[in-house]
1. Looking at the stretch 110-121, which of its residues are part of a strand (DSSP E or B) and within 16 Å of VAL88 (Cα to Cα)?
2. Can you confirm whether THR133 is in contact with a helix residue (DSSP H, G or I) (Cβ under 8 Å, 6 or more places away or on another chain) and without any contact (Cβ under 8 Å) to a residue 12 or more places away in the chain?
3. Pull up the stretch 152-171, narrow it to residues that are in a helix (DSSP H, G or I) and touching a strand residue (DSSP E or B) at 6+ places or on another chain (Cβ under 6 Å), then point me to the one that is surrounded by the fewest Cβ atoms within 10 Å (Cβ to Cβ).
4. Could you tell me how many of the residues in the stretch 137-151 are modelled with pLDDT under 95 and either surrounded by 14 or more Cβ atoms within 10 Å (Cβ to Cβ) or within 24 Å of GLN182 (Cβ to Cβ) (or both)?
5. If only one of LEU22, LEU52, LEU14 is out of contact with any helix residue (DSSP H, G or I) (no Cβ under 6 Å at 6 or more places or on another chain), aliphatic (A, V, I, L, M) and in contact (Cβ under 8 Å) with a residue 40 or more places away in the chain, which one is it?
6. Identify the residue in the stretch 125-140 that is under 18 Å from the mean Cα position of the chain (by Cα) and in a loop (DSSP other than H, G, I, E, B) and, among all such residues, is farthest from THR21 (Cα to Cα).
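The values are calculated or read from the model by the stated rules, or taken from the named source; none is laboratory data. Bear in mind that the values here come from a model prediction, so they are computed numbers and not experimental data. Note: ideal-geometry Cβ built from the backbone for every residue, glycine included; neighbour counts use all protein chains shown.
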Amino acid sequence: MEIKKWQKLASKYLVQEKWATLRVDTCKLQNDTVKDDYYVLEYPNWVNAVALTKDNQMILVRQYRFAADIISLEIPGGVIDCGEAPEVAIKRELLEETGYSFDSCELIATLYPNPATSTNKTFTYLLKGGVKTHEQHLDEHEILNVELYSIDEVKQLLKDNKIDQSLHTAALFYGLAALQEQYL
């Protein structure tokens, strides 16, 4: 059977805020079934980075995540500002969160965080040759520590399930695969 896109019959916004919008759609499926209450979250697009210093240390950040109520070890990243290109956004986020600037920046993956319920994409970059050029310049709601790890240490963190943000683990696996290809 050929899978076809659904037809949106109606849409109503329930919440419209800066960081998230919730709408409910009425959809007609390819088998003519009508789904009256399909909830969709509209988020801005995101960027994240597998970032390496000049001496091949991987840059991770540790911060508290309120919704999950955990202290989370993650890769740097954030929201793409309106009208901003993803590559510009990731360089800005890295400079703000870590104070590092980089020699190279390569897009290695474009992923949908949850295509069943969300509209946004995450752009994952591999950055190399990082040098600390600035102090952190965090937003008022950001409190995070920058931590450096060897590539082998990051592999062990992944094996031990110590990095629990799913988009970040996916990004790290993409990054490790890209690095392996580049150094073969």
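1. Within the stretch 110-121, THR110 is the sole residue that qualifies.
2. Criteria not met by THR133.
3. That would be LEU167.
4. Residues that pass the stated criteria total 0.
5. LEU52
6. LEU138
Yes/no per residue for (1) part of a strand (DSSP E or B); (2) surrounded by 19 or more Cβ atoms within 10 Å (Cβ to Cβ); (3) modelled with pLDDT under 95:
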residue	(1), (2), (3)
LEU73	yes, yes, no
ALA89	no, yes, no
ARG92	no, no, no
GLU97	no, yes, no
PHE123	yes, yes, no
